[in-house]
Structure formats: C-alpha cells, structure tokens
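Chemist: Dropping the structure in here first, questions after.
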Amino acid sequence: YCDFSKATNDAGFQKWLGYVDVKSVPTYFYVQKNSSFSTQYVPIPFEIERVNIGGAMNLTSGIFTAPRPGTYFFAFTGDVRFLGPSTNILALIVELQLNGQRVGSSRVTESNTAGNVHSELTMQSTLNLIAGDKISLQITFMTAGGVSFLYDNPNADQRFNHFTGWLLEENLAGLL
C-alpha cells in the first residue's frame, strides 16, 4: 500500500511503482517418460515426476492446467527412434497444444538410414495463459508402419523424453 500523504523528502517515501516478483503460489514441473510412445493425436503421458510444485501437471493425462493467469515457459526434449534400414524419408512431428490448438511444433526427419537411428527434437515456448488453459504435447505425424516413435529405455534406467514448465510472471490483475 502506498501512503500518498507523505512528502517527497519524508522517510519511507516510495519512489517506484510495481511489484517485486510476487506470486501467490509457485508453479513449476519437470516430468519424464519411462517408456516408448507412438500414439498420435492424444496428449503424451509421463510416468516420472521429478518435481510438480503447485500440482498443475497431471502425469497420467499429460496435461498441464494453468492455475492462474500469467506468463509461462515450457520446454520439451525428445528422442525419436527410426527403425531401419530405409531408403525412404522417415519423420515424426510433436506439437505443443494450447487448449487443443497447435501453438508450436518440432519435426525430425531421416532418410537413407543404414540401421536404427536416433534423432533429438526440442521445442521451447513462452505463452501468456489464463487460469484453466490446458497445455499438452501430441505426436501429430509419424511415418506409417511403426518405424518412428518417441524412444525411452526403462530397462537401462535411461530417460530421453523430458517436459518442463514454470510460471515466469503471474498476472496479478488477471488480465492478459
């Protein structure tokens, strides 16, 4: 609260307007896959929760629900495995979805593969969200025939597919 009765030379006179990183509740998550995944047009679920402060990320459904309005950052890293050999062009696309609509995508392709090939894909995004907005990742294209998929190896305790996000700045006024 600002005391408007103080003169500019009084002790405690405020000389700036605004706020200093005020958040009502912190919100951030980091989740991982523990198995390969190849289903198209559904949110990618995650099996391992490393951190989920605020509880906004649902592992089973693969959906993050914004608990409050603000600016959020999201990042995904995935390992795509292409089975070969193949002389065809092989591809896989993962999209970042906001309320079921694409807001970003990442594609990886390979061609003339001699054998099994792994390729990394990444995606980052900063989005203004309102409370209740839903963020998810989906495979929206992959070469037919089961020759491309997101790869993880649970037997070797390896994690290649990671999804993370956090609230950068809460919109305290609730307007975006």
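Chemist: Hey, what do the phi angles of region 24-31 turn into as Karplus ³J(HN,Hα) couplings, whole Hz, using 6.51/-1.76/1.60 and θ = phi - 60°, x for Gly and Pro?
Modeler: With coefficients 6.51, -1.76 and 1.60, one gets 5, 8, x, 9, 6, 8, 8, 10 Hz.
Chemist: Net charge around Asp79, counting only other residues with Cβ within less than 10 Å of its Cβ (Lys, Arg = +1; Asp, Glu = -1)?
Modeler: Computed value for this residue: +1.
Chemist: Right, another one. Could you order Ile135, Ile130, Ile53 by accessible surface area, starting with the largest, using a probe radius of 1.4 Å? Let's see the in-between values first.
Modeler: On the way: Ile135 0, Ile130 90, Ile53 65 Å².
So, going from the largest accessible area down, we get Ile130, Ile53, Ile135.
Chemist: When all C-alpha to C-alpha distances in the chain are sorted into bins of 5 Å, what percent of pairs does each bin hold, rounded to whole numbers?
Modeler: Here the calculated profile for the chain is 1, 8, 15, 17, 15, 11, 8, 6, 5, 4, 3, 2, 2, 1, 1, 0.
Chemist: Just want to confirm a number: the relative contact order over the chain, from Cα pairs under 8 angstrom separated by 6+ residues, in percent.
Modeler: Taking the mean separation of contacting Cα pairs over the length of the chain, I get 32 percent.
Chemist: With a 1.4 Å probe and every protein chain kept in, tell me what percent of the accessible surface of the chain is carbon plus sulfur.
Modeler: 52
Chemist: Moving on. Send over a whole-number figure in Å² for the accessible area per residue of the chain, probe 1.4 Å. Please report the intermediate quantities before stating the final value.
Modeler: Details: 9590 Å² over 176 residues.
Here the residues of the chain average 54 Å² of exposed surface.
Chemist: Calculate, axis by axis, the spread of Cα positions in region 58-130 along the three principal axes, and write the results as whole Å, longest axis first.
Modeler: Taking the Cα atoms of region 58-130, the three principal extents are 49, 22, 17 Å.
Chemist: Then there's this: For Cα pairs less than 8 Å apart in space and 6+ apart in sequence, what is the mean separation divided by the residue count of region 91-150, i.e. the relative contact order in percent?
Modeler: Values: 80 pairs, mean separation 29.2, N = 60.
Rounded, it is 49 percent for region 91-150.
Chemist: With Cβ to Cβ distances under 9 Å as the rule, what net charge do the other residues near Ala91 carry (K, R +1; D, E -1)?
Modeler: Summing Lys and Arg as +1 and Asp and Glu as -1 gives 0.
The values are calculated or read from the model by the stated rules, or taken from the named source; none is laboratory data. Source: prediction; values computed, not measured. Here the Cβ is made from the backbone with ideal geometry for all residues, glycine too, and neighbour counts use every protein chain on show. For the accessible areas, the whole protein counts, side chains as well, though only heavy atoms, and no ligand, DNA or RNA atoms are used. Shrake-Rupley method; radii C 1.70, N 1.55, O 1.52, S 1.80 Å.
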